[in-house]
Amino acid sequence: MLVYTKALLVGEYVRIQDCEGTVTELGTFVTRLRTGLGEEISLPNSLVLANVTRNFSRVAKGKGFVLDTTITIGYDTPWRQVHALLLEAAGQIPEVLKAPEPFVVQSALSDFYVAYKLVVYVDSDQPGTRARVNSDLHAAIQDAFNRHGVQIMSPQYFEDPEKPKVVPESEWYAAPARRPEKS
């Protein structure tokens, strides 16, 4: 049934329930995924058919996949600034494609914060790339927000702090961290 409906293809990056990875095998009874951390997950095809499959590879044309991450920022930060900071962070990651362009959507207006989702397209078909790019993207987001003095206090807090909760650039490489050598 999976092969006939082409719900999944070998090489595509998918999420089924809480399992996420690159499809490495579509067998008669089992579907195998390889995670970005090198694990192999075997899912019975009955489970695959009975659950929603989120396919990240079909959105991006050619090879590659879509990647998204959500952050929540208080209402006291202008939304245009948040959009610009997220797009700036995406621009720091070499594997993130320029076309289609990364974009930001506001996915929720909650009691204490706005939820922003950054969506990017990544030019890779290697399973391990997704985990690394996701981590690099999160680091770039933290750096961009800290650099511009915007605190990420989420999901909720009880009162505004006296001063913003940011890490100044001068402290980014506090021991035992090391500044990367320039090439």
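Observations
- A crude spin-label estimate for the pair D18 and K165, with each label 7 Å from Cα along the Cβ direction, gives 2.5 nm.
- Between helix 79-90 and the chain there is an angle of about 60 degrees, using the helix long axis and the longest principal axis of the Cα atoms.
- Dimensionless Rg ratio for segment 1-105, taking C-alpha atoms and the 2.2 N^0.38 Å reference: 1.32
- Computed from Cα positions, the angle between helix 127-147 and the longest principal axis of the chain comes to roughly 10 degrees.
- Note on F112/E25: beta-carbon distance plugged into 1/(1 + (r/R0)^6) with R0 of 35 Å gives a FRET efficiency of 0.20.
- Considering helices alone, the calculated mean residue ellipticity of the chain at 222 nm is -7000 deg cm²/dmol, with DSSP H runs of length four and up weighted by -39500 (n - 2.57) and normalised per residue.
- Descending Cα extents along the principal axes, segment 63-183, whole Å: 45, 37, 21
Read-outs: derived from the displayed coordinates by stated rules, not from any lab. All figures in this text were calculated on a predicted structure; none of them were measured in a lab. Positions of Cβ are backbone-derived with ideal geometry, glycine not excepted, and every protein chain shown enters the neighbour counts.
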